[in-house]
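The values are calculated or read from the model by the stated rules, or taken from the named source; none is laboratory data. Please read these numbers as outputs of a predicted model, since none were measured by experiment. Don't worry about glycine lacking a Cβ; one is built from the backbone with ideal geometry, like all the others, and counts go over all protein chains shown. Ligands, DNA and RNA are stripped out before the accessible areas are found, and what is left, the full protein with its side chains, is counted by its heavy atoms. Shrake-Rupley method; radii C 1.70, N 1.55, O 1.52, S 1.80 Å.
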Amino acid sequence: MMTSELRVALFSGNYNYVRDGPTQALNRLVGYLLAQGASVRVYAPTIAKPAFAPTGDLISVPSFAVPGRSEYRVAMGLPAKLRRDLEGFAPNLVHVSAPDILGHRAVSWARGRDIPVVASVHTRFETYLRYYGVGFLEPAAVALLRRFYRRCDAILPPSQSMVDLLREQRMNGDIDIWSRGVDRTIFTPSARSLSWRRELGIGDDEFVIGFLGRLVLEKGLDVFAAVITELMARGVPHRVMVVGEGPARDSFAQHVPTAVFAGFQEGANLGRAVASMDVLFNPSVTETFGNVTLEAMACAVPVVAAIATGASSLVEDRVTGRLVDPSDIGGYADALAAYAQDRDLADTDGLAGEAKAGAFGWDAINQKVIDKYLAVLARRGR
């Protein structure tokens, strides 16, 4: 089969109403598929004022807002109208990006018609339970995820560390990597701006510890705040710059009262913000890849991160940054203090990270998804 013969129905719980790493990766993939001559139709919840315009044809799926997290929506499945639309589109492959209600219904629809299914893995949903007081349910969540992914022909996590975890969890027999790329025209050391830092009240010689991402509990905000408190107790000079917005902003600000909040940034402004950090601190353990980690590396900014899926496949300990046990507050503080007290070390590790980021080009990465599609179809005799 040729790429131009692909007819892909893509199902996502969020395609463009909130901007995050997964939505940007999915939109880039659809753009690449269309550029290669494939036909794509996207099914996902929509809102009146999304974060950005969708790439390709987006069909709205009925949904409701998540209680307590109204910025996110839960798709209600595949009503008759959408099933008729699917039949009319006649996909020869289904791609599901989340194990939600919509994803389950899409897999069932495809299996009932003997259509292959490929699932991409973007988030460690089972780990979210730890941040909402129900961590004891994590084994049950893993079992539910296993049931979902075993009904697919192949699954595509974004990093080797996630491949290893999914194999350990016995999620599927066909697991391959769909990595993530970085736009080197935006994320580059040349985007660093001391004048922009001054506008935020940050001095040229101040050592900036950056946080980048949505301000939600599952990004490890509690650990970040505890480490900053430890650095202050040790008397390590630094400034904290927070780039991003989210529902936990106010509570986070109370725990890092001296931090500078730069708000939501995008495009060239985001590249400027990242390059203007001196180190990125990413304590999240819920990532499957860690786009923010790669973006910092591309800007020659060293990264201190948790030993967790995603970061473990990007950060080379004591070469491009530091990897620390997720619960080791003192270990995080030691790593950050080392960079704050030795700027040459920070520069050396940052440049090593930039060199490694050079291997993450979007076109080559997305071509691997097409290759997997075609391999699954060939295995099915299509």
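Key figures for this structure:
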| read-out | value |
| --- | --- |
| Leading residue by the ranking (surrounded by the fewest Cβ atoms within 10 Å (Cβ to Cβ)) among those in the range 238-255 that are touching a helix residue (DSSP H, G or I) at 6+ places or on another chain (Cβ under 8 Å) and within 20 Å of residue 199 (Cα to Cα) | 238 |
| Test set (1) within 17 Å of residue 71 (Cα to Cα); (2) in contact with a strand residue (DSSP E or B) (Cβ under 9 Å, 6 or more places away or on another chain) - residue 19 fails condition number | (2) |
| Cross-chain or 6+ apart pairs with Cβ under 7 Å, the range 356-368 first and part of a loop (DSSP other than H, G, I, E, B), then surrounded by 14 or more Cβ atoms within 10 Å (Cβ to Cβ) and polar (S, T, N, Q) | 360/179 |
| Within the range 17-81, strands (runs of 3 or more DSSP E) holding 1 or more residues that are over 26 Å from residue 373 (Cα atoms) and at pLDDT below 95 | 63-66, 69-75 |
| Residue in the range 88-100 that is free of Cβ contacts under 8 Å to residues at least 60 places away in the same chain, farther than 20 Å from residue 362 by Cα and not aliphatic (A, V, I, L, M) present | yes |
| Residue in the range 103-110 that is open to solvent by 40 Å² or more (accessible area, probe 1.4 Å), among the polar types (S, T, N, Q), farther than 24 Å from residue 288 by Cα and part of a helix (DSSP H, G or I) present | yes |
| Those residues of the range 303-323 which are at pLDDT 95 or above, open to solvent by less than 10 Å² (accessible area, probe 1.4 Å) and under 19 Å from residue 220 (Cα atoms), in sequence order | 303, 304, 305, 306, 315, 321 |
| Residues of the range 89-98 classified as at pLDDT 95 or above and within 26 Å of the chain's Cα centre (by Cα), total | 5 |
| Whichever residue in the range 201-220 is out of contact with any Gly (no Cβ under 6 Å at 6 or more places or on another chain), of a type in the set (A, V, I, L, M) and open to solvent by less than 10 Å² (accessible area, probe 1.4 Å) and, among such residues, is nearest to residue 252 (Cα to Cα) | 209 |
| Scope the range 258-291; condition open to solvent by less than 10 Å² (accessible area, probe 1.4 Å), within 22 Å of residue 323 (Cα to Cα) and not in a loop (DSSP other than H, G, I, E, B); matching residues | 274, 275, 279, 280, 281 |
| Filter result for the condition that a residue is farther than 30 Å from residue 33 by Cα, part of a helix (DSSP H, G or I) and either basic (Lys, Arg) or out of contact with any helix residue (DSSP H, G or I) (no Cβ under 9 Å at 6 or more places or on another chain) (or both), over 347, 371 | 347 |
| Scan of the range 337-350 for residues that are more than 23 Å from the chain's Cα centre (by Cα) and either farther than 17 Å from residue 301 by Cβ or not charged (D, E, K, R) (or both), ordered by number | 337, 338, 339, 340, 341, 345, 346, 348 |
| Flag for residue 194 being open to solvent by 50 Å² or more (accessible area, probe 1.4 Å) and at pLDDT below 95 | no |
| Among (1) open to solvent by 20 Å² or more (accessible area, probe 1.4 Å); (2) under 30 Å from residue 367 (Cβ atoms), the one test that residue 163 misses | (1) |
| Number of positions in the range 354-377 that are open to solvent by 50 Å² or more (accessible area, probe 1.4 Å) and either in contact with a Gly (Cβ under 6 Å, 6 or more places away or on another chain) or at pLDDT below 95 (or both) | 4 |
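Residue by residue, here is whether (1) touching a Leu at 6+ places or on another chain (Cβ under 7 Å); (2) surrounded by fewer than 16 Cβ atoms within 10 Å (Cβ to Cβ); (3) of a type in the set (D, E, K, R) holds:
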{"position": "65", "(1), (2), (3)": "no, yes, no"}
{"position": "118", "(1), (2), (3)": "yes, no, no"}
{"position": "148", "(1), (2), (3)": "no, no, no"}
{"position": "154", "(1), (2), (3)": "no, no, no"}
{"position": "158", "(1), (2), (3)": "no, no, no"}
